[in-house]
Amino acid sequence: MSQKIRIKLKSYDHNLVDKSAEKIVKTVKTTGAVVSGPIPLPTHKRIFTVLRSAFVNKKSREQFELS
């Protein structure tokens with residue numbers, strides 16, 4: 001019977017994700033298991049623009065980012 005494990009890593013720092021993935025792959029290979037991956041997923045970035053003032057100063061805006 002074949003067993004599979006899927007691991008998804010999330011972080012704000014891509015270097016940390018890369019290092020963690022390398023450690024996981026190295027550990028799995030020492031046990032003799034078959035490794036497929038890591039497969040990089042696309043990053044999502046949503047930007048919202050909000051007016052700072054409710055009445056005047058239409059040109060004064062603030063941007064917020066969600067990953």
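The values are calculated or read from the model by the stated rules, or taken from the named source; none is laboratory data. What you see is a predicted model, and the numbers here were worked out from it, not measured in a lab. Quick reminder, even Gly has a Cβ in these numbers, built from the backbone with ideal geometry, and neighbours come from all protein chains shown.
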Fill in the blank from the handout: Residue set 36, 2, 11; condition in contact with a helix residue (DSSP H, G or I) (Cβ under 9 Å, 6 or more places away or on another chain) and among the hydroxyl-bearing types (Ser, Thr, Tyr); output residue 11
Completion exercise
Within region 9-23, the residues that are without any contact (Cβ under 8 Å) to a residue 12 or more places away in the chain and in a loop (DSSP other than H, G, I, E, B) are 10, 11, 13
Exercise for the section: Can you confirm whether region 43-58 contains a residue that is under 30 Å from residue 4 (Cβ atoms) and either in contact (Cβ under 8 Å) with a residue 24 or more places away in the chain or touching an Asp or Glu at 6+ places or on another chain (Cβ under 7 Å) (or both)? Expected result: yes
Practice task
Please determine, by comparing only the residues of region 6-38 that are within 19 Å of the chain's Cα centre (by Cα) and among the β-branched types (Val, Ile, Thr), which one is nearest to residue 66 (Cα to Cα).
Solution key: 17
Handout entry: Restricting region 24-56 to residues that are assigned to a helix (DSSP H, G or I) and surrounded by fewer than 10 Cβ atoms within 10 Å (Cβ to Cβ), the residue that is modelled with the highest pLDDT
Key = 30
